[in-house]
Amino acid sequence: AHVVPDGRAAFAVSGNGAMVYVPDTLFNPPRLLVWVDRTGREEPVMTERGIYSSPALSPDGRRIALTLYRETDDVWIYELRRSLLTRLTRQDASAFGPRWTSAFGPRWTRDGRRVIYHVEQPQFDLFWRATDGSTSEQVLHSTASDKHATSISPDGTMLAFTQTDPDADIWLLSLDGGSEPTAFLTTPYNEGGAAFSPDGRWIAYSSDESGRSEIYIQAYPNPEGGRNQVSTEGGVEPHWTRGGAELVYRHRSRVLAVAIDPGSGEPGSPRVLFEGTYAWAGGNSHSYDVTPDGSRFLMVKTPPESAPRQVYIVLNWLEEMKQRVGQ
C-alpha cells in the first residue's frame, strides 16, 4: 500500500479494476524557493530544496513565513538577513491515530508580530501565534467547515478568509475579538483568494460564476458599491502592488499584471509578465507572494528534473482489495 501522509496523491481507477498511480516520492518532490523578477529571471532564496508551499513576505520584507513538510506540514519562519529557518508550529503526526495534522497557508498580521494559518483537525480551522514563540497556538475561528485565511485589511483589524460549505465563499472576521464572522460574498458559485487593496476600498478575488475562475474587484466595505472583472481568460490568486495601482494574478503557468485605477476600480488590459513550472495552490489559498512595488515575486519552483517520470499500473486492483478486506 502507498499511503500519502498529508493526503496528497496522484492516482486513478478504471471501471475494469485497473489502477494507475504516482508514488508520493515522485508526485511531491523537493522544491526551490526563488525570487523572480518581472522578466522571469530567477534568483534562489534558499539553496536547500524542500517541500515548501504558501510563502508569505512579512510586512517589513525581512522574513518569510511558509509551509514546510517534514513528517508533517508545519509553518516555519525564514529570516532573510541571517538565512535562518525556524519552526513556528509543531503538529502531532499521531493526533488522529492514523491521520496526520497539518498547518498551512501562513498570513502575517499587519504589525508582523503574529502569523495566521489554518490547521487540519480534520476540517481546516483558523489559528494564530506570535512569531517570536512568546504565545502558544490560539484558535481564531473553528467550525465544521474548511477555512483558509487570505488577507488582512490595511488597518489590521479585519481578516478575509474563504469558507467552504459546500461552495467556497468569502467571509470577514474581526481580529479585535468578541464578534462573529460576517459574510462578504456568498453565492452558489466558488469565490476565494480575497485580497484587500492597500487603501482598503476594494477586495480582489476569484470566482467561477462564468464557468471558469476569473479575477474581480469588489467595492469594500459595501459590496453593492460596484464590481469590475479584471482577468479575461481565467485567473486565480490576486495580489495588489504599486500602492493599489496594479493587480497581479496567476493563470496556469503564467503570472499576469493589470493596471488598476485605484479610485474607480477600472482595470486595464492584462499582460503576461513571465511563466514557469511554479507550484500551484488554486483559488482558496496562495502559492506565491510579491513585493509591494511589484518588482519581485516569491515563487516555489518545481525543478524540471523532479517531474514524475514513472507511473505504476496495478491490474485487478479491485479483486486484490476485496481479498485484503475479506469480501
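The values are calculated or read from the model by the stated rules, or taken from the named source; none is laboratory data. Predicted model, so just to flag it, every value in this text is computed and none were measured. Backbone-built Cβ (ideal geometry, glycine too); neighbour counts: all protein chains shown. What goes into the accessible areas is simple: the full protein's heavy atoms, side chains included, and nothing from ligands, DNA or RNA. Shrake-Rupley method; radii C 1.70, N 1.55, O 1.52, S 1.80 Å.
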Packing rank of 161-167, 247-253, where each peptide gets the mean count of other beta carbons within 10 Å, highest leading: 247-253, 161-167
The chain: most fluctuating residue of Ser58, Ser285, Ser264 per GNM, C-alpha cutoff 10 Å: Ser264
Exposure of Ser145 as accessible area (Å², to 10), given a probe of 1.4 Å and all protein chains: 10
Virtual spin-label span in nm between Leu85 and Asn16, 7 Å along Cα→Cβ: 4.5
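What does the C-alpha gyration tensor say about the overall shape of region 113-267? Classify as rounded when a/c is under 1.5, otherwise prolate if a/b is larger than b/c, or oblate.
prolate
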Helix-only [θ]222 nm of the chain, DSSP H runs n ≥ 4, -39500 (n - 2.57) each, per residue, nearest 500: -1000 deg cm²/dmol
Normalised convex hull volume, the chain, alpha-carbon set, Å³ per residue: 154
Within-13-Å neighbourhood charge of Ile64 [Cβ basis; K, R +1; D, E -1]: +3
Gaussian network model of the chain, Cα within-10 Å springs - most flexible of Asn228, Asn190, Asn316: Asn316
Per-residue SASA entry for Asp208, accessible area with 1.4 Å probe, Å² rounded to 10: 50
Rounded accessible area per residue of region 197-253, 1.4 Å, Å²: 40
Sorted peptide list for 73-81, 176-184, criterion being average Cβ within 10 angstrom, highest first: 73-81, 176-184
Region 199-229: trypsin sites (Lys or Arg not before Pro) in DSSP coil with no more than 15 other Cβ atoms inside 10 Å: Arg212
Added length on full extension, which subtracts the Cα-Cα distance from 0.36 nm per residue, Val325 to Thr291: 7.0 nm
